[in-house]
Every structure is written in structure tokens, then in C-alpha cells.
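Okay, so here's the structure we're looking at.
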Amino acid sequence: MNSLNRDLCQMVSRAEAADLPKANKDPHRLRFHLMPPVGWMNDPNGLCWYQGNYHVFFQYRPFSAEGSGVVFWGHYTSPDFIHWTQQPVFLTPSETWDLHGVYSGSALVTDDGLYLYYTGNVKHPGNHDYIHTGRGHNTGLAISKDGIKVDSNQLLLENCDYPADLTCHVRDPKVWEQSGKFYMVLGARTKEDRGEILVYESVDKVNWTHINTITTPQVFGYMWECPDLFVLDGQCIVSLSPQGVSKSGNHYQNIYSCGYFPLYGDFRGEYTLGEFTESDIGFDYYAPQSFEAPDGRRIVIGWMGMPDADYTNPTVERGWQHGMSVPRELHWNGERIITAPVKELENLHGERKDITFDGEATCEWKEGADICITNNSDCLEVLLGDSLKIDYNAGILTLKLAEASGYGRTQRVAEVKKLRTLRILVDTSSIELFINEGEQVMTSRWYPECAETMELRGKGSAIIYNMDAMEVKFMV
Ligand code: FRU
């Protein structure tokens with residue numbers, strides 16, 4: 001640990017002590033989602049199970065709720081996804097090769113400690129566009145014995161080590177072990193504005209060789225951020241957050257997208273990619289990362305936010321912004337990924353109400369709810385709180401937000417041939433919608449005066465659980 005690192009850690013603690021009381025007074029603080037203590041949160045990083053805890057590191061800008069300034073790695077741990085403890089800031093931008101931000105990365109659990117691979121961002125002074133020149137995107141490795149503090153860190157790869165046809169944008173290493181070797185995928189932007197994934201291999205976790213590149217035959221966006229690669233129920237999946245994919249019909253409605261390709265063949269050699277499917281089609285979901293839980297489940301957490309969006313979040317005035325999705329369990333059904341909230345969230349269930357409706361029905365809860373609707377008709381209308389409407393009609397499900405609570409969010413659309421079930425997680429300022437047991441998901445922030453009521457119109461039944469708050473122990 002160098003002196004810059006020590007100074008930065010102290011500055012973060014001071015900022016948290018000063019700003020946390022104000023943030024915690026915000027009625028829109030989330031109750032069962034992770035959020036930054038203060039300041040700004042983006043991508044989940046280094047997700048893993050290590051020494052009896054889940055670890056959620058995250059992109060953290062403690063000094064600015066607007067997201068300016070250099071980025072750190074914040075850190076939460078939990079044994080059960082319900083009781084969380086904030087840990088000291090894990091990575092600070094304090095090496096020559098990560099001075100302007102410790103960008104996203106991932107964890108590898110090894111016998112000699114937790115290995116965290118990440119991108120060190122460096123911006124060189126001068127007249128640069130920071131895409132083609134002026135930026136260092138360095139792959140670094142931090143090793144931690146206890147998973148809480150960094151014991152050593154080192155530079156592994158720098159821009160001159162990446163293929164020559166790339167811009168300076170090469171980042172977000174995701175690392176895993178397979179058949180006695182180690183693999184890393186990195187997101188990249190070529191000089192011709194094509195998004196790609198670089199595949200690296202290593203036998204010792206430190207020396208890495210570029211062995212393959214994964215991309216589409218036709219250009220699909222100019223940059224692929226936050227790549228992930230894993231086998232799900234026998235199917236190899238390549239997950240990514242592409243930038244520059246244009247809106248097309250009801251698809252790619254956000255400025256940036258995230259989703260996945262099934263990969264057929266060998267990611268290390270010959271392969272083809274199947275059709276791209278968006279992993280979430282709400283307003284606020286990006287840069288998801290997955291990991292394997294100790295019981296073998298593939299769990300994903302996404303950033304409940306969207307970079308460069310033209311909608312906003314009023315929490316900025318209270319000194320914080322953004323959050324994480326709930327942890328979600330993934331399965332492959334032979335055609336697509338099925339996504340469901342992890343079962344641990346059921347431990348937050350409070351009072352249960354059962355409704356059957358043929359016509360209209362209403363219901364109330366306190367602060368948060370987990371709602372499971374079974375739909376028995378071609379139309380359904382769900383009005384949540386004072387301002388959010390889910391409308392299903394003629395094979396189209398629309399999520400509509402009123403101006404007062406959407407802050408620029410208007411509507412998002414899902415194509416749903418037959419709506420069977422709708423599971424809705426409602427927090428004080430977020431909703432997550434799992435359509436037909438999670439065939440499609442929509443995640444959004446919203447800022448209602450009151451989010452604690454529901455009106456249903458249609459024919460079906462509903463189970464509504466009050467959701468208790470998770471426990472989050474902040475450091476201050
Ligand atoms: C995605 C991203 C990553 C990068 C990080 C920086 O949201 O742009 O590509 O590592 O955020 O905070």
C-alpha cells in the first residue's frame with residue numbers, strides 16, 4: 001500500500017462520514033437493493049464466493065453523485081444476500097498504471113488468495129480523443145489473502161500488448177478456470193469501430209497469451225464492454241454490453257444494450273454465435289456480471305443504471321446515485337436464458353396477501369413488495385403507486401412511467417405472445433419485472449410519491465408479499 005492509497009482511503013472515509021446521514025434521509029433509498037453509501041455506483045465487479053461470504057465489489061465514485069472524478073472499487077460482503085456489510089474501499093487509483101480510475105474487472109478464487117483482475121485507466125495529458133490516442137487501458141491484478149485488503153498488485157498487460165488493430169479501449173477482464181488453465185475475456189473497440197471480445201489464456205494466472213477473438217460477422221456496435229463467458233446448463237454463453245447498436249423496432253431501446261449470444265463450437269478456436277438476446281429491456285440495467293455460487297448456481301448482478309442516458313435520478317440531490325439489481329439465478333431453456341431473483345430473497349417476505357380478480361382489484365403494502373401475478377386473459381393492466389403502469393394488450397407489454405416519477409423515462413415495450421405470469425419486485429425507487437417466469441426482464445428506476453399500492457384490471461390471481469428491508473451495515 002503506497003501513501004497515495006492511504007490518503008485516498010482516508011478521504012473516502014471522510015466523505016462517507018460527512019454525506020451518509022443526508023443520503024440515508026432520502027425516502028428513495030433502496031430497501032432490498034445494494035446502493036452506494038454516498039456518491040455514485042456503477043458496474044458490479046469481482047463477484048464471487050470467498051471464505052464464507054459473497055463479495056460484491058463495485059465501481060464507486062464516493063466524491064460525486066453525478067459520477068465525475070476517478071473511480072474506486074467499493075466493496076460489500078454477505079453470507080446470504082440479505083445481511084450485508086460495507087467493507088473498506090478495496091482498490092484505489094494509486095499506481096502509475098491506474099491513476100485515473102480502477103475500472104471494472106472480476107475475481108478468481110484460488111488456493112493462494114483472491115485474485116482480482118481489473119482495468120487501470122490512465123489519461124495522458126495533451127490533445128487526445130482518448131479513444132484512438134491518449135488513454136492507457138492496463139490489465140492489472142490485485143491479490144488479497146483475506147478478500148478485504150490488497151496484499152499486492154501488479155501490471156499484467158498494457159495497450160502495446162493488445163492486438164494492433166485496436167483503439168485504446170480494451171477493458172473489463174473477466175477471468176475463470178477451465179480444464180486446468182485460466183481464461184480471460186476483455187472487451188474491445190477496433191480502429192474501425194467494431195466491438196470485439198479478446199480471449200486470453202494462461203497457465204500461471206500472471207502471463208497471458210491472446211488466443212482468439214470473438215466477434216460477429218457483421219459489425220454489432222462499436223464497443224463491447226463488460227464481457228462474460230460461461231457454460232449455462234450445457235450451453236456456452238457470451239454475455240456483453242455493446243455500445244452503438246441502433247434501435248430497431250422494439251429492440252435496443254436504450255442508448256446502450258446488454259445481452260448475450262449462445263456460442264457454438266469452441267471459444268478458443270472455431271465458433272459461431274447464435275442470435276443476440278437482450279438480457280433486460282427496462283430503462284436501467286447494464287454491465288451485468290455473473291459468477292458461480294458454491295452450490296453451482298450461475299448468479300448474475302447488473303448495474304441498475306444506464307450510462308449517458310437522457311433520463312435522470314433525483315437522488316443526486318441527496319448525494320447518491322444508482323444501485324444494483326437483485327442477484328438473479330440464470331438457466332438455459334434450450335432457446336434463451338431464464339432469469340429469476342435468487343431464492344434467498346424469499347427470506348425477506350413478510351405478510352402475504354392472496355387476490356383473485358375478474359375485473360378490478362386493489363392491494364397495498366409497506367415500502368416493498370414481491371408480487372406474483374397469474375394472468376388468465378389477453379389483457380392485463382397493473383397500476384403501481386401513483387404513476388407506473390404495466391399494460392398488456394395484443395401481445396405487447398408496455399411499461400409506462402408518468403412524467404412526475406419517471407424523470408425522463410417514458411415507456412419500454414416487450415413483445416410477449418402470451419402473458420402467463422408476471423413477477424414484480426417493487427422497491428422504494430425501483431421495479432424489476434420478470435415476464436413469464438423470467439423469459440424477459442425489465443428493470444427500471446422510478447421515483448413515486450407513493451409506491452405502496454396496486455390496482456389490477458383483468459382476470460387472474462396474485463400473491464403479494466410485503467418485502468422487509470435487507471440489513472446493510474455501513475462503515476460509518
Ligand atoms: C461500463 C464501464 C466499463 C468500465 C467502467 C468504468 O459501465 O464503462 O467498461 O470499466 O464502466 O467505470
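Points to keep in mind about this one:
- Among the residues of segment 157-167, at least one is in a strand (DSSP E or B) and within 21 Å of Leu99 (Cα to Cα).
- So Asp280, is it crowded, with 22+ Cβ neighbours inside 10 Å, out of contact with any His (no Cβ under 8 Å at 6 or more places or on another chain), in a loop (DSSP other than H, G, I, E, B) and modelled with pLDDT of 95 or more: yes
- Condition check for Glu335: modelled with pLDDT under 95 and under 24 Å from the mean Cα position of the chain (by Cα): no
Conditions tested, residue by residue: (1) in contact with a helix residue (DSSP H, G or I) (Cβ under 9 Å, 6 or more places away or on another chain); (2) assigned by TED's automatic domain parsing to the domain that holds Glu292; (3) modelled with pLDDT of 95 or more; (4) within 21 Å of Ile143 (Cα to Cα).
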residue	(1), (2), (3), (4)
Val170	yes, yes, yes, no
Met184	no, yes, yes, yes
Glu192	no, yes, yes, no
Val206	no, yes, yes, yes
Thr209	no, yes, yes, yes
Asn212	no, yes, yes, no
Thr215	no, yes, yes, no
Leu232	no, yes, yes, no
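- From the list Phe182, Phe230, Phe220, the one residue that fits, being touching a residue at least 24 places away in the same chain (Cβ under 8 Å), more than 16 Å from the ligand (Cβ to nearest atom) and not in a strand (DSSP E or B), is Phe220.
- Scanning segment 310-354 for residues that are touching a Gly at 6+ places or on another chain (Cβ under 8 Å) and of a type in the set (Gly, Ala, Ser) yields Gly319, Gly323, Ser325, Ala340.
- Selection of segment 283-298 for residues being touching a Cys at 6+ places or on another chain (Cβ under 8 Å) and not in a loop (DSSP other than H, G, I, E, B) yields Tyr286, Ala287, Pro288, Gln289, Phe291.
- Selection of segment 185-211 for residues being acidic (Asp, Glu) and either within 16 Å of the ligand (Cβ to nearest atom) or closer than 30 Å to Asp129 by Cα (or both) yields Glu192, Asp193, Glu196.
- From the options Gly147, Gly195, Gly140, residue that is crowded, with 21+ Cβ neighbours inside 10 Å, out of contact with any Asp or Glu (no Cβ under 8 Å at 6 or more places or on another chain) and either closer than 28 Å to Tyr260 by Cα or of a type in the set (S, T, N, Q) (or both): Gly195
- Total residues in segment 352-394, condition over 28 Å from the mean Cα position of the chain (by Cα) and under 20 Å from Ile281 (Cβ atoms): 5
- Where strands (runs of 3 or more DSSP E) fall entirely within segment 1-94, those with at least 1 residues that are buried (at least 17 other Cβ atoms within 10 Å of the Cβ) and within 14 Å of the ligand (Cβ to nearest atom) are at 39-50, 53-61, 72-78.
- Segment 299-312, residues that are farther than 21 Å from Phe230 by Cβ and under 17 Å from the mean Cα position of the chain (by Cα): Met304, Gly305, Met306, Pro307, Asp308, Ala309
Condition check ((1) surrounded by 14 or more Cβ atoms within 10 Å (Cβ to Cβ); (2) in a helix (DSSP H, G or I); (3) not assigned by TED's automatic domain parsing to the domain that holds Ile435) across all residues:
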position: Val300; (1), (2), (3): yes, no, yes
position: Glu317; (1), (2), (3): no, yes, yes
position: Glu346; (1), (2), (3): no, yes, yes
position: Asp378; (1), (2), (3): no, no, no
position: Lys389; (1), (2), (3): yes, no, no
position: Tyr392; (1), (2), (3): yes, no, no
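- Qualifying residue in segment 103-114 (condition: within 13 Å of the ligand (Cβ to nearest atom) and of a type in the set (Phe, Trp, Tyr)): yes
- Some residue of segment 116-127 being surrounded by 15 or more Cβ atoms within 10 Å (Cβ to Cβ), within 14 Å of the ligand (Cβ to nearest atom), in contact (Cβ under 8 Å) with a residue 12 or more places away in the chain and of a type in the set (Phe, Trp, Tyr): yes
- Members of segment 291-326 found to be within 16 Å of Val441 (Cα to Cα) and either more than 16 Å from the ligand (Cβ to nearest atom) or among the small types (Gly, Ala, Ser) (or both), listed by number: Ile299, Gly302, Gly305, Ser325, Val326
- Residues satisfying the stated conditions in segment 436-458, i.e. at positive phi and over 26 Å from the mean Cα position of the chain (by Cα): Gly458
- Subset tally (residues that are in contact (Cβ under 8 Å) with a residue 12 or more places away in the chain, surrounded by fewer than 18 Cβ atoms within 10 Å (Cβ to Cβ) and assigned to a loop (DSSP other than H, G, I, E, B)) for segment 256-277: 4
- Test: residue in segment 415-431 that is part of a strand (DSSP E or B), more than 30 Å from Gly259 (Cα to Cα) and among the small types (Gly, Ala, Ser): no
- Pairs with Cβ under 6 Å, 6+ apart, first in segment 93-115 and more than 18 Å from Asn53 (Cβ to Cβ) and assigned by TED's automatic domain parsing to the domain that holds Leu155, second of a type in the set (Asp, Glu) and within 16 Å of the ligand (Cβ to nearest atom): Ser104/Asp43; Ser104/Asp172
The values are calculated or read from the model by the stated rules, or taken from the named source; none is laboratory data. Because the structure is predicted, anything quoted here is derived from the model rather than measured. With ideal geometry, Cβ positions are generated from the backbone for all residues, glycine too; neighbour counts draw on all protein chains shown.
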